[in-house]
Amino acid sequence: MSVRKNILLAASCIGIMAVTAPKEGAAVPAYARQVGMSCTACHFQRYPQLTPFGRAFKSNGYSQKGKQFTIEDTNLSLPTTLNASLVSKFRFQKTNGTDNADPLNMGELQVPDEAILYLGGRVGKNIGFQAEISLAGGANLTGFKMPFVFPVDKDYTVSVIPFITDAQGPAYGFELLSTGAVEYARPFEHLDETSAQQYLRSQDPNGNAATGLALVAFHKYGYLSYTPYVVGFTSAAPRQFMSYVRGVVIPDKIHNFDVAAGFQLWKGDSKTDTGAGPVLNTIDAWALDAQAQGKYGDYPLGVYLSYGSAAGSGTSVNIYNSEPNSRKAFAIATELGLVPSKFSVGLGYRIANSGLGGSDSENAFTLGGNYHVAKNVTFQLNHSFYSYGADAKAALAPGSGDQKTTFVMFSAF
């Protein structure tokens, strides 16, 4: 191998691309059972990155049939088996801070960090569903959506997707990229450190809970969606809706790489009434992202870029930024499969400003790796190094550390 190729290969090994805990039915074996195909038919390298076939399956509302038998009648096409999957994530995290009152500084076992029962698949012709039930601390519904898909021709569909989510935000309705545009589809377990969108949404005091309706126009070369939504995962009475707009371009492959690029826009005020009077939430943020998935020689390689900004808070508080100045971040993350389907390594880098003003930089450098015991069982490791400007560092809690390590065992079956 030439010196130039060695340099490129080394530069490509950026970050631990730990398998995220995918809060998304498209990333679990429930749908593999429905279509009778291996997970690799829908996923590039690992969960949750999607192949073109995976994007097509999701854009058709999880309703594609495969080897699974269905019950057929007039206006009825229902699988004979209810597709289910159990997803679990056991995690250990530790930072190097000196404040022993913070459990992360001592090292914290998060067992289970997640334990979720997924139900999903075909409801009828061009209708699908996904339900997520958390088993940690009692059974609770944490997410639900039901895509209604209207085919226009073989390449173009229009979808209406009502949804509710406790933590994924309005992008939960419909998302196909793996840049962190929605929480479950991110390149690293350390999500805020490797995705600009996740860095922004980490400020949301509502935990990114959302209820809304995604309206999607999809073509094989991209999609555009508009989502009116309200903040919250409760039976609040909406008085006003926020707006979320997503656009993505997916051209033909470039040098054997599957590429895509897009934008996100969050805007507006959400007024809801939970019985104690109206509650006002405001949001004003945008993001750009791009990804490339393919092979460098014989090695699977994924590259994920994102940039985002949330306006500073004035008379009303922006839920993505409570500070007076713009909160912004640029992130790059990559994953290289050194042993395809078995072992991958990567690196991520974030340049960010907290919105405090002055010397408010919050940068992060992340390393890591994945070892796949099986296609659906993975051990992951992330380690992040942080550097702060003087003003950002002064805003940290006393005794905070500047490094964080996370070890995860992930399974889905």
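The values are calculated or read from the model by the stated rules, or taken from the named source; none is laboratory data. From a predicted model like this one, the values you see are computed outputs, not experimental measurements. Because the Cβ atoms are built from the backbone with ideal geometry, glycine has one as well, and the counts that use them run over all protein chains shown.
Would you say ASN321 is within 30 Å of ASP269 (Cα to Cα), modelled with pLDDT of 90 or more, polar (S, T, N, Q) and surrounded by fewer than 24 Cβ atoms within 10 Å (Cβ to Cβ)?
Details: within 30 Å of ASP269 (Cα to Cα): yes; modelled with pLDDT of 90 or more: yes; polar (S, T, N, Q): yes; surrounded by fewer than 24 Cβ atoms within 10 Å (Cβ to Cβ): no.
When the stated conditions are applied, ASN321 does not pass them.
Just checking, how many residues over the stretch 66-97 are in a strand (DSSP E or B), under 17 Å from GLY128 (Cβ atoms), out of contact with any Leu (no Cβ under 7 Å at 6 or more places or on another chain) and among the polar types (S, T, N, Q)?
Going through the stretch 66-97 one residue at a time, the tally reaches 2.
May I ask you to list the residues in the stretch 251-265 that are in contact with an Asp or Glu (Cβ under 8 Å, 6 or more places away or on another chain) and either surrounded by 20 or more Cβ atoms within 10 Å (Cβ to Cβ) or in contact (Cβ under 8 Å) with a residue 60 or more places away in the chain (or both)?
GLY262, GLN264 - these are the residues of the stretch 251-265 that are in contact with an Asp or Glu (Cβ under 8 Å, 6 or more places away or on another chain) and either surrounded by 20 or more Cβ atoms within 10 Å (Cβ to Cβ) or in contact (Cβ under 8 Å) with a residue 60 or more places away in the chain (or both).
Checking the structure you have, find out if any residue of the stretch 266-283 is more than 24 Å from ILE164 (Cβ to Cβ) and surrounded by fewer than 20 Cβ atoms within 10 Å (Cβ to Cβ). Outline the logic, then answer.
We begin by selecting, within the stretch 266-283, every residue more than 24 Å from ILE164 (Cβ to Cβ); these are none.
No, every residue in the stretch 266-283 fails to be more than 24 Å from ILE164 (Cβ to Cβ) and surrounded by fewer than 20 Cβ atoms within 10 Å (Cβ to Cβ).
Among the residues of the stretch 217-228 satisfying the criterion of being part of a strand (DSSP E or B), in contact (Cβ under 8 Å) with a residue 60 or more places away in the chain and over 18 Å from the mean Cα position of the chain (by Cα), which is surrounded by the most Cβ atoms within 10 Å (Cβ to Cβ)?
The selected residue is PHE218.
Residues checked against (1) of a type in the set (Gly, Ala, Ser); (2) surrounded by fewer than 15 Cβ atoms within 10 Å (Cβ to Cβ); (3) part of a strand (DSSP E or B):
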position	(1), (2), (3)
GLY358	yes, yes, no
THR366	no, no, yes
ASN370	no, no, yes
GLN380	no, no, yes
SER384	yes, no, yes
LYS393	no, no, no
SER400	yes, no, no
MET409	no, no, yes
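One line per residue, one yes/no per condition, for (1) in contact with a Phe, Trp or Tyr (Cβ under 8 Å, 6 or more places away or on another chain); (2) of a type in the set (Asp, Glu); (3) surrounded by fewer than 18 Cβ atoms within 10 Å (Cβ to Cβ); (4) in contact (Cβ under 8 Å) with a residue 40 or more places away in the chain:
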residue	(1), (2), (3), (4)
THR74	no, no, yes, no
THR80	yes, no, yes, no
SER88	yes, no, no, yes
PHE92	yes, no, yes, yes
THR95	no, no, no, yes
ASP102	no, yes, yes, yes
GLU108	yes, yes, yes, no
ASP113	yes, yes, no, yes
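How many residues are touching a Ser or Thr at 6+ places or on another chain (Cβ under 6 Å) and either among the small types (Gly, Ala, Ser) or under 9 Å from ILE283 (Cα atoms) (or both) if we restrict to the stretch 322-333?
Result for the stretch 322-333: 4.
Please enumerate the residues belonging to the stretch 126-139 that are at pLDDT 90 or above and of a type outside the set (Ser, Thr, Tyr). Give the derivation first.
Step one: filter the stretch 126-139 for residues at pLDDT 90 or above, giving 126-135.
Passing the criteria: ASN126, ILE127, GLY128, PHE129, GLN130, ALA131, GLU132, ILE133, LEU135.
If SER159 meets every condition in (1) more than 16 Å from the chain's Cα centre (by Cα); (2) in a loop (DSSP other than H, G, I, E, B); (3) not aromatic (Phe, Trp, Tyr) apart from one, which number is that one?
(2)
Take the residues of the stretch 192-209 that are hydrophobic (A, V, I, L, M, F, W, C) and at pLDDT 95 or above: which is farthest from SER59 (Cα to Cα)?
LEU200
Restricting attention to the stretch 154-181, which residues are charged (D, E, K, R) and surrounded by fewer than 24 Cβ atoms within 10 Å (Cβ to Cβ)?
Once the filter is applied, which keeps residues that are charged (D, E, K, R) and surrounded by fewer than 24 Cβ atoms within 10 Å (Cβ to Cβ), the stretch 154-181 yields LYS154, ASP155, ASP166.
Out of all the residues in the stretch 105-133, which are within 25 Å of GLU189 (Cβ to Cβ), in a strand (DSSP E or B) and among the small types (Gly, Ala, Ser)?
ALA115, GLY120, ALA131, listed by residue number.
Out of the residues in the stretch 134-156 that are assigned to a strand (DSSP E or B) and of a type in the set (Val, Ile, Thr), which is farthest from HIS219 (Cα to Cα)?
Restricting to residues being assigned to a strand (DSSP E or B) and of a type in the set (Val, Ile, Thr), the top hit is THR142.
Output the residues belonging to the stretch 128-153 that are β-branched (Val, Ile, Thr) and surrounded by 16 or more Cβ atoms within 10 Å (Cβ to Cβ).
Here is the first cut: in the stretch 128-153, the residues β-branched (Val, Ile, Thr) are 133, 142, 149, 152.
ILE133, THR142, VAL149 - these are the residues of the stretch 128-153 that are β-branched (Val, Ile, Thr) and surrounded by 16 or more Cβ atoms within 10 Å (Cβ to Cβ).
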